[in-house]
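Colleague: Handing you this structure, nothing more for now.
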Amino acid sequence: MNERELNALIKLLDDPDENIFNSVSEKLISIGTGIIEKLENSWEKSTDALLQSRLESIIQIIQIDSIKEQLKNWKDNKQDDLLEGVFILAKFQYPELRLNTVREKIENIKKEVWIELNNNLTALEKIKVINHVLFSILGFKRNISNPYSPQNAFINDILSTNKGNQVSLSVLYAIISQELSLPVYGVDLPSTFILAYKDDYGMIQSLKNEQKGNILFYINPYNKGAVFGKKEILYFLKQQKIKPLESYYSVCSNAKTLERLIETLIESFEKLGYNEKVRTLNELLAILAA
């Protein structure tokens, strides 16, 4: 579609005929993200409230469709890169966010940890190094003052405020660990989320499905990286009157980890009454669960 045809379509967006608007809207949406800048420029130049509203709606639909496509591609092909998954989720709230910006901050944290590591350290000693850097030096901690804030779930906000919730702090911890080729993955426990250090050190393997494998120990980043064993999980399940399942002691896929992060975000937006955001996030959940 050439520039002239595109401008003609945009001009039709303020047509009072709903059928014309719907037809034009579908054509613009089908073009995809390449048209967003053009639509934004049209919004800035317009003083028509109806046209601006319709432009905003089309831009949002295009952005959400792009996120869905990226998320499906990540789930099918790129789960090894947990950071990219949480970055895609962050674009739900911050569409202008750039992956390189987030990666640079993660790389800085990774370097601080890497300096303290060496091949002679045991798995437990390596985790103590991560704990020291993340919680003592950099001061990452739980957001006690605003535990249900949506910002607790977005990686760029977590890196800016050094605060998160139980799942997001675990996600950050897992990202740093996996970037350093340490086999640390999520454990999908009911009403909580922790990490496990697998006894299969080596190159990070794609976790498209839930994996069992031997576990050396478990980690709770929400409690400054406290390390514990299976008996503590058994005790927790007993306290909660939950039937113990094998999956509660095994690592889960990075896709499942991202699902849990989205669930915390849904809870936050539900409390704020943002029903449209909740609906869209449930659609993202469905993509990961499919």
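Colleague: Identify the residue in the range 231-258 that is surrounded by fewer than 14 Cβ atoms within 10 Å (Cβ to Cβ) and of a type in the set (A, V, I, L, M, F, W, C) and, among all such residues, is farthest from residue 288 (Cα to Cα).
Modeller: Result: 234.
Colleague: Just checking, how many residues over the range 110-155 are in a loop (DSSP other than H, G, I, E, B), over 23 Å from the mean Cα position of the chain (by Cα) and either over 18 Å from residue 197 (Cα atoms) or without any contact (Cβ under 8 Å) to a residue 24 or more places away in the chain (or both)?
Modeller: Initially, the range 110-155 is screened for residues in a loop (DSSP other than H, G, I, E, B), giving 117-122, 138-140, 143-149, 154.
Keeping just the survivors that are over 23 Å from the mean Cα position of the chain (by Cα) gives 117-122.
Now narrow it down to the ones that are either over 18 Å from residue 197 (Cα atoms) or without any contact (Cβ under 8 Å) to a residue 24 or more places away in the chain (or both): 118-122.
Total satisfying the criteria: 5.
Colleague: What pairs come out if I take residues in the range 258-276 that are more than 19 Å from residue 88 (Cβ to Cβ) and pair them with residues that are loosely packed, with under 14 Cβ neighbours inside 10 Å and among the hydroxyl-bearing types (Ser, Thr, Tyr) whose C-beta lies under 8 Å away, six or more apart or interchain?
Modeller: Partner pairs satisfying both residue conditions: none exist.
A quick yes/no check of all residues on (1) closer than 29 Å to residue 254 by Cβ; (2) touching a strand residue (DSSP E or B) at 6+ places or on another chain (Cβ under 7 Å); (3) buried (at least 18 other Cβ atoms within 10 Å of the Cβ); (4) polar (S, T, N, Q):
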{"site": "26", "(1), (2), (3), (4)": "no, no, no, no"}
{"site": "29", "(1), (2), (3), (4)": "no, no, no, no"}
{"site": "32", "(1), (2), (3), (4)": "yes, no, no, no"}
{"site": "38", "(1), (2), (3), (4)": "no, no, no, no"}
{"site": "41", "(1), (2), (3), (4)": "no, no, no, yes"}
{"site": "52", "(1), (2), (3), (4)": "no, no, no, yes"}
{"site": "66", "(1), (2), (3), (4)": "yes, no, no, yes"}
{"site": "73", "(1), (2), (3), (4)": "yes, no, no, yes"}
{"site": "76", "(1), (2), (3), (4)": "yes, no, no, no"}
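Colleague: When residues of the range 252-288 are filtered for being assigned to a helix (DSSP H, G or I) and over 23 Å from residue 184 (Cβ atoms), how many remain? I'd like the intermediate steps shown before the answer.
Modeller: Step one: of the range 252-288, the residues assigned to a helix (DSSP H, G or I) are 254-272, 275-288.
With over 23 Å from residue 184 (Cβ atoms) added as a condition, the list becomes 266-272, 275-287.
The total comes to 20.
Colleague: Residue 14 fails exactly one of the following numbered conditions: (1) loosely packed, with under 15 Cβ neighbours inside 10 Å; (2) acidic (Asp, Glu); (3) more than 23 Å from residue 95 (Cα to Cα). What is the number of that condition?
Modeller: Here residue 14 meets the rest and fails (1).
Colleague: Looking at the range 156-182, which of its residues are touching a Lys or Arg at 6+ places or on another chain (Cβ under 7 Å), assigned to a helix (DSSP H, G or I) and among the charged types (D, E, K, R)?
Modeller: Hit for the range 156-182 is 179, nothing else.
Colleague: When you check residue 9 against the structure, is it in contact (Cβ under 8 Å) with a residue 60 or more places away in the chain and of a type outside the set (Phe, Trp, Tyr), yes or no?
Modeller: Numbers: in contact (Cβ under 8 Å) with a residue 60 or more places away in the chain: no; of a type outside the set (Phe, Trp, Tyr): yes.
No.
Colleague: Looking for something under 20 Å from residue 96 (Cβ atoms) and in a helix (DSSP H, G or I) - is there at least one such residue anywhere in the range 4-23?
Modeller: Restricting attention to the range 4-23, the residues satisfying the condition of being under 20 Å from residue 96 (Cβ atoms) are none.
Within the range 4-23, not a single residue is under 20 Å from residue 96 (Cβ atoms) and in a helix (DSSP H, G or I).
Colleague: Which numbered condition trips up residue 35, out of (1) in the same structural domain as residue 178 (by TED's automatic domain parsing); (2) among the β-branched types (Val, Ile, Thr); (3) at pLDDT below 95?
Modeller: (1)
Colleague: Kindly establish whether residue 22 is within 22 Å of residue 92 (Cβ to Cβ) and exposed (fewer than 12 other Cβ atoms within 10 Å of the Cβ). Full working, then the answer.
Modeller: Working: within 22 Å of residue 92 (Cβ to Cβ): no; exposed (fewer than 12 other Cβ atoms within 10 Å of the Cβ): yes.
So residue 22 fails the test.
Colleague: Does the range 81-111 hold any residues that are among the acidic types (Asp, Glu) and more than 14 Å from residue 64 (Cα to Cα), and which are they? It would help to see each step written out before you state the result.
Modeller: Start the filter on the range 81-111 by keeping residues that are among the acidic types (Asp, Glu), which leaves 81, 84, 96, 104, 107.
Across the range 81-111, the qualifying residues are 81, 84, 104, 107.
Colleague: From the residues in the range 60-109 that are of a type in the set (S, T, N, Q) and not in a helix (DSSP H, G or I), which one is nearest to residue 276 (Cα to Cα)?
Modeller: Pass one, the range 60-109, residues of a type in the set (S, T, N, Q): 60, 63, 66, 70, 73, 77, 79, 93, 100-101, 108.
Remaining after also requiring not in a helix (DSSP H, G or I): 79, 93.
Values: 79: 27, 93: 13 Å.
In this case the residue turns out to be 93.
Colleague: Let me ask something additional. Would you mind stating whether residue 185 is touching a strand residue (DSSP E or B) at 6+ places or on another chain (Cβ under 9 Å) and either assigned to a helix (DSSP H, G or I) or outside the structural domain of residue 250 (by TED's automatic domain parsing) (or both)? Step through it out loud before you land on a result.
Modeller: Working: touching a strand residue (DSSP E or B) at 6+ places or on another chain (Cβ under 9 Å): yes; either assigned to a helix (DSSP H, G or I) or outside the structural domain of residue 250 (by TED's automatic domain parsing) (or both): no.
Against the criterion (touching a strand residue (DSSP E or B) at 6+ places or on another chain (Cβ under 9 Å) and either assigned to a helix (DSSP H, G or I) or outside the structural domain of residue 250 (by TED's automatic domain parsing) (or both)), residue 185 does not qualify.
The values are calculated or read from the model by the stated rules, or taken from the named source; none is laboratory data. This structure is a prediction, so every number in the text was calculated from the model and none was measured. Every residue, glycine as well, gets a Cβ built from its backbone with ideal geometry; the counts of neighbours run over all protein chains shown.
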